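A short worksheet on the structure shown next.
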Amino acid sequence: MSKKAIAIICAIVVIAAAVICLWQFTDLFGKKAEAPAPTVEATEAPAEPTEAPAEPTEAPVAEPTEAPAAEKTQKIALVTDVGTIDDESFNQACWQAVEAYGKANNIEYIYYQPTADSTDARLLSIDQAVKEGATVIVMPGYLFGATLVTAQNDYPDVTFVAVDVAAGDLTLDYVTYVEPAANTVCLTFSEEQAGYLAGYAAVKDGYTKLGFLGGMAVPAVIRYGYGFVQGADKAAAELDKQIEINYTYGGQFFGDAAITAKMEGWYSTGTEIVFACGGGIYTSAVEAAVKYNGMVIGVDVDQHYVGDKVDEKGEKVYPYNPFVTSAMKGLQNVTETVLTEYFAGNFANYGGKILNYSLAEGEYVGLPTAEASWGFKTFTAADYTAIHDAMQKGEITVSNDIENQPAVTNSTVNYID
């Protein structure tokens, strides 16, 4: 083989080797260039699942954080009946309950007094209370029956506590009656039991000429009056005495000159004690009583303190305290009880119901037993306990019939228009 041929062959071998090396070098770098790609994908891929869980993580936090902010600030309101919060009767007793509960539990409270004695005026006060944040509204008095017919539906998110509102009051026309809604409770009392105890105690204490001065002839007042007659007659029968009772209604819940004149007529002709039953109407009975050295029985709350009033000069308003006792019902403690249950989340046990409170349920009616309020001369605390306990046990029953005048055996009852 010639040197030229050998040189050509060597050149071919060198070129081939160079090609092979170049191919291996390219393949090597090709693989190395492609290798980082999965690393980039692996780095970017978790970014999606990392962001995805962020949504469910944030949602649970957002909900509980926002929920409390949406809750209403609780506020108690009281809307008065025709009286005022210092009427020394049921408006005042219910207001004292609202005030006591609000202060004790650091809850805002307020009262509203309607500008007129009308359903429209009461609804306006309720509307104002709701707009100003009231979440529970206390309404004392039967006149709120017609108001509730509208209000309980207009304000379904507001809770209404209607005191002294019975089934017969929940009407606009006394033809069609409605039931309390789930956001409403109506609270009533066995006034006939309190009236009975007052009449019984008065006659046992020696009074034989009695009087009953009612406000308006509404169920609660009638029950007080008819109970008073039943109790007085029972005591007269036990003592084997004959007694006389004058009985009338003033047609309003405040005293005036005409009613005072009527009471003066009673006292001046021998009436010894009058059960003044109907808000501020007691003022007429008291004015007439002190003029003729007569006595008075208060109502709803312990009114003994009224007889101890002093004027701006510090002098006593009345020459003596004419209040012998008071026929009471637990307006304040029942209102506080329901408010406590409402704020404890238990209003479902009350909503949509008309509940009656008597001695069978507890100390919800009766006479004051504090020594300062005990104006009886011979009727003792032990005597009271005996009749009270017998009634509580059901051994003595008192009729709550308001359609028929009570039957009597030892009494002459003069029903006066």
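Screening Q252 with (1) farther than 23 Å from G206 by Cβ; (2) open to solvent by 40 Å² or more (accessible area, probe 1.4 Å); (3) not in a helix (DSSP H, G or I) gives one miss only, at (2). When the residues of the range 311-352 are filtered to those that are among the aliphatic types (A, V, I, L, M) and in a helix (DSSP H, G or I), which remaining residue is farthest from V286 (Cα to Cα)? Only one residue fits best here, namely A348.
Does the range 375-417 hold any residues that are assigned to a loop (DSSP other than H, G, I, E, B), open to solvent by less than 60 Å² (accessible area, probe 1.4 Å) and among the acidic types (D, E), and which are they? Once the filter is applied, which keeps residues that are assigned to a loop (DSSP other than H, G, I, E, B), open to solvent by less than 60 Å² (accessible area, probe 1.4 Å) and among the acidic types (D, E), the range 375-417 yields only D401. Of the candidates G227, G265, G298, the single residue that is part of a helix (DSSP H, G or I) and either touching a helix residue (DSSP H, G or I) at 6+ places or on another chain (Cβ under 8 Å) or open to solvent by less than 20 Å² (accessible area, probe 1.4 Å) (or both) is G227. If the condition is being touching a helix residue (DSSP H, G or I) at 6+ places or on another chain (Cβ under 6 Å), farther than 18 Å from D154 by Cβ and open to solvent by 10 Å² or more (accessible area, probe 1.4 Å), then the range 175-191 contributes no residue at all.
The set of residues in the range 355-374 that are touching a residue at least 60 places away in the same chain (Cβ under 8 Å) and loosely packed, with under 12 Cβ neighbours inside 10 Å comprises A370, A372.
Residues in the range 109-126 that are in contact (Cβ under 8 Å) with a residue 24 or more places away in the chain and out of contact with any Leu (no Cβ under 9 Å at 6 or more places or on another chain): how many?
Step one: list which residues in the range 109-126 are in contact (Cβ under 8 Å) with a residue 24 or more places away in the chain, which gives 109-114, 117, 119, 122-123, 125-126.
Checking which are out of contact with any Leu (no Cβ under 9 Å at 6 or more places or on another chain) leaves us with 113, 123, 125-126.
Residues meeting the conditions: 4.
If I filter the range 95-108 for residues that are in contact (Cβ under 8 Å) with a residue 40 or more places away in the chain, more than 30 Å from F323 (Cβ to Cβ), out of contact with any Pro (no Cβ under 9 Å at 6 or more places or on another chain) and outside any strand (DSSP E or B), do I get at least one hit? Scanning the range 95-108 turns up at least one residue that is in contact (Cβ under 8 Å) with a residue 40 or more places away in the chain, more than 30 Å from F323 (Cβ to Cβ), out of contact with any Pro (no Cβ under 9 Å at 6 or more places or on another chain) and outside any strand (DSSP E or B).
The values are calculated or read from the model by the stated rules, or taken from the named source; none is laboratory data. Nothing here was measured: the structure is a model prediction, and the numbers come from that model. Here Cβ is always computed from backbone atoms with ideal geometry, including for glycine, and neighbour counts include all displayed protein chains. For the accessible areas, the whole protein counts, side chains as well, though only heavy atoms, and no ligand, DNA or RNA atoms are used. Shrake-Rupley method; radii C 1.70, N 1.55, O 1.52, S 1.80 Å.
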